[in-house]
Amino acid sequence: MKNIIIGDKTYSTDMLDDEGKANLASSQFVDAKIKETSNLLAALTVSKNAYIQQLKNEIIKSKTGFVTD
C-alpha cells in the first residue's frame, strides 16, 4: 500500500483505478522533469554569470592593461 499526499490529505493508491494510476504516473513524471529543468537552469545561470565575469575582466584588462585573474 502506497500513499500519496494531495494538499493536506493522504490517500491510498490502492483506491485508484487504471486511469487514476496513469494520472499519478504522469504527475510524477512531470514533477521529475520540473526538478531536472530547475537543476539545469541553476547550472546554466552559474555558467552565464562566469562568462559575464570573464567579459568584465577582459574589458578591464583592455582598458587598463591590468590583469584581474
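A crude spin-label estimate for the pair Q28 and I59, with each label 7 Å from Cα along the Cβ direction, gives 4.9 nm.
Out of (1) 17, 25, 16, 14, 12, 11, 6, 0; (2) 20, 49, 26, 4; (3) 19, 46, 24, 11, 0, which label holds the value of P(r) over Cα pairs in 10 Å bins from 0, in percent that was computed here? Only one option fits the structure, namely (1).
Model label points for T45 and K21, set 7 angstrom from Cα along the Cα-to-Cβ axis, are 3.9 nm apart. Report summary: the helix-based calculation at 222 nm, which adds -39500 (n - 2.57) for every DSSP H run with n ≥ 4 and divides by the residues of the chain, gives -25500 deg cm²/dmol. Measuring r between the beta carbons of K35 and I5 and using R0 = 25 Å, the FRET efficiency lands at 0.90.
Pulled fully out, how much extra length does the chain show between I52 and D14, if you take 0.36 nm times their separation in residues and subtract their Cα-Cα distance?
Values: separation 38, 0.36 × 38 = 13.68 nm, distance 5.23 nm.
Full extension from I52 to D14 adds 8.5 nm.
Can you give me the angle between helix 18-64 and the longest principal axis of the chain, using Cα atoms only, in degrees from 0 to 90, rounded to the nearest 10? The angle comes out at about 10 degrees.
Readers should treat all values here as calculations from the given coordinates under stated rules, not as data from a laboratory. Computed from a predicted model, the values in this text were never measured in an experiment. Counting neighbours? That spans all protein chains shown, and the Cβs are built from the backbone with ideal geometry, glycine included.
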